[in-house]
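The values are calculated or read from the model by the stated rules, or taken from the named source; none is laboratory data. Note that the coordinates shown come from a computational prediction; the quantities given were computed from them, not determined experimentally. We place every Cβ from the backbone using ideal geometry, glycine too, and count neighbours over all the protein chains shown.
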Ligand code: 4AD
Ligand code: MG
């Protein structure tokens, strides 16, 4: 008998197949047993009438959830069953019986309990769909760049230089070298790489020792960054819009069943087409004041403020040209107004906050050196970075997209902890 995956059942209607998986749910209704099986690709209902095989019926009626089993039976199409197919059971082989009761059995477990059992929680339906969507988002991001001729460049995790800001680095000892940091960003390395390869991207874990426990913050999160030689601020923003619209469309086309299974209102996602609205930081401050926030020009825009801004739009909104004082050292000043920089943040709709941080980079040697000193960063560590402005320096731009915030938004999740397989937050490194 052929071993098939549940997601491929439609190609096997009328045939006898074998499914290797786990008991998801079991119930019986009089003389009919319903065994819901999952195999990592989906869930399917297997049905057996007692009269057809009383002995098998008895054995099936004893199976507890999360028993590992191989089931055999005929695939029939049944519009009433979820997924449209059903298996008429004619054999069950138990591979492993749980040693204890599976801990996740109720609908109303608290989040802490579920996070403590994350290694088991990911077997549940909603988490299955979310992780599948995450996978599709990652694939769409890669496809976007690959279709456009970008080159993937993996940037290091141990770094000698601080990438974003000195306040939230993880430091560790690196043999005789002394202190190094876990990467907050791969940007500086992508800047080097784009001068060699033109347009480049990375995709990897980043680390921020931030004492924030908001629904948008992780200590370890995945970031996709892109860096393009000869791109200026405007080109940069256009690429970001195209990326985000592409990813949303791809997920709608290829993971719609998963979005629907978790109850996402996909009509909101269908609106995410280019161009996206753009406002300046100046206008954002005016808007916030009008909405009753106590903010002044020069203040950073925090989570609540981001939510308030994004409420005004039904697409992601780009906020550009922030004061240079509240942004990273490497950002190119606006030639018309040197007190602001050629940067932008993209805020997701529905209160999901900043999903992209971006800017044109300083390409002038003297100015960059001055900024490194002004920010109190150690010049030695930036020797190689300054070299990029000594040899063949050109205007260039790039951005970083936070994966988990993007997943949380596209899935409509309450918190980023469900957007990553094993979250690292302020109070959690287990499991
Ligand atoms: O805005 P950030 O800090 O930008 C950079 O790191 C740039 N060097 C990127 C670049 O230009 N190459 O971070 C980029 C994105 C944010 O917009 C946010 O989506 C996400 O990374 N992010 C976080 N996601 C989850 N938890 C955190 N603690 C995050 N910090 C940033
Ligand atoms: Mg940012």
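For the range 121-138, name all the residues that are without any contact (Cβ under 8 Å) to a residue 40 or more places away in the chain and assigned to a helix (DSSP H, G or I).
121, 135
Tell me, please, whether a residue that is within 25 Å of residue 253 (Cα to Cα) and touching a helix residue (DSSP H, G or I) at 6+ places or on another chain (Cβ under 7 Å) can be found in the range 85-105.
Within the range 85-105, one or more residues are within 25 Å of residue 253 (Cα to Cα) and touching a helix residue (DSSP H, G or I) at 6+ places or on another chain (Cβ under 7 Å).
Taking the range 325-341 only, how many residues are within 15 Å of ligand 1 (Cβ to nearest atom) and within 19 Å of residue 369 (Cβ to Cβ)?
7
Among 143, 224, 202, which is the only one that is more than 21 Å from residue 378 (Cα to Cα), assigned to a strand (DSSP E or B) and away from ligand 2 (no atom under 16 Å from the Cβ)?
Sole residue among the options that is more than 21 Å from residue 378 (Cα to Cα), assigned to a strand (DSSP E or B) and away from ligand 2 (no atom under 16 Å from the Cβ): 202.
Name the pairs: first residue in the range 73-97 and under 15 Å from residue 4 (Cα atoms), second residue in a loop (DSSP other than H, G, I, E, B) and modelled with pLDDT under 95, Cβ to Cβ under 6 Å, at least 6 apart or on different chains?
86/78
Being more than 13 Å from ligand 1 (Cβ to nearest atom), surrounded by fewer than 16 Cβ atoms within 10 Å (Cβ to Cβ) and at pLDDT 95 or above narrows it down to one of 196, 255, 209, so name that one.
Within the list 196, 255, 209, the selection yields 196.
Among the residues of the range 1-43 satisfying the criterion of being in contact (Cβ under 8 Å) with a residue 60 or more places away in the chain and in a helix (DSSP H, G or I), which is farthest from residue 106 (Cα to Cα)?
12
Could you check the range 305-332 and list, in sequence order, the residues that are more than 16 Å from ligand 2 (Cβ to nearest atom) and either out of contact with any helix residue (DSSP H, G or I) (no Cβ under 8 Å at 6 or more places or on another chain) or free of Cβ contacts under 8 Å to residues at least 12 places away in the same chain (or both)?
311, 313, 315
Output the number of the condition that residue 194 fails; it satisfies all remaining conditions of (1) touching a helix residue (DSSP H, G or I) at 6+ places or on another chain (Cβ under 9 Å); (2) more than 16 Å from ligand 2 (Cβ to nearest atom); (3) closer than 22 Å to residue 331 by Cα.
Among (1) touching a helix residue (DSSP H, G or I) at 6+ places or on another chain (Cβ under 9 Å); (2) more than 16 Å from ligand 2 (Cβ to nearest atom); (3) closer than 22 Å to residue 331 by Cα, residue 194 violates only (1).
Got a number for residues in the range 382-431 being part of a loop (DSSP other than H, G, I, E, B) and within 16 Å of ligand 2 (Cβ to nearest atom)?
0
Confirm whether residue 266 is surrounded by 13 or more Cβ atoms within 10 Å (Cβ to Cβ), touching a helix residue (DSSP H, G or I) at 6+ places or on another chain (Cβ under 8 Å) and free of Cβ contacts under 8 Å to residues at least 40 places away in the same chain.
The answer is yes for residue 266.
With 172, 182 as the choices, which residue is within 16 Å of ligand 1 (Cβ to nearest atom), out of contact with any helix residue (DSSP H, G or I) (no Cβ under 8 Å at 6 or more places or on another chain) and over 29 Å from residue 254 (Cβ atoms)?
Answer to the selection: 182.
For residue 63, which of the numbered conditions (1) in a loop (DSSP other than H, G, I, E, B); (2) over 31 Å from the mean Cα position of the chain (by Cα); (3) loosely packed, with under 14 Cβ neighbours inside 10 Å fails to hold?
Only one criterion in (1) in a loop (DSSP other than H, G, I, E, B); (2) over 31 Å from the mean Cα position of the chain (by Cα); (3) loosely packed, with under 14 Cβ neighbours inside 10 Å is unmet by residue 63, namely (3).
For the range 334-379, how many residues meet the condition of being surrounded by fewer than 24 Cβ atoms within 10 Å (Cβ to Cβ), part of a strand (DSSP E or B) and free of Cβ contacts under 8 Å to residues at least 24 places away in the same chain?
Within the range 334-379, residues that are surrounded by fewer than 24 Cβ atoms within 10 Å (Cβ to Cβ), part of a strand (DSSP E or B) and free of Cβ contacts under 8 Å to residues at least 24 places away in the same chain number 4.
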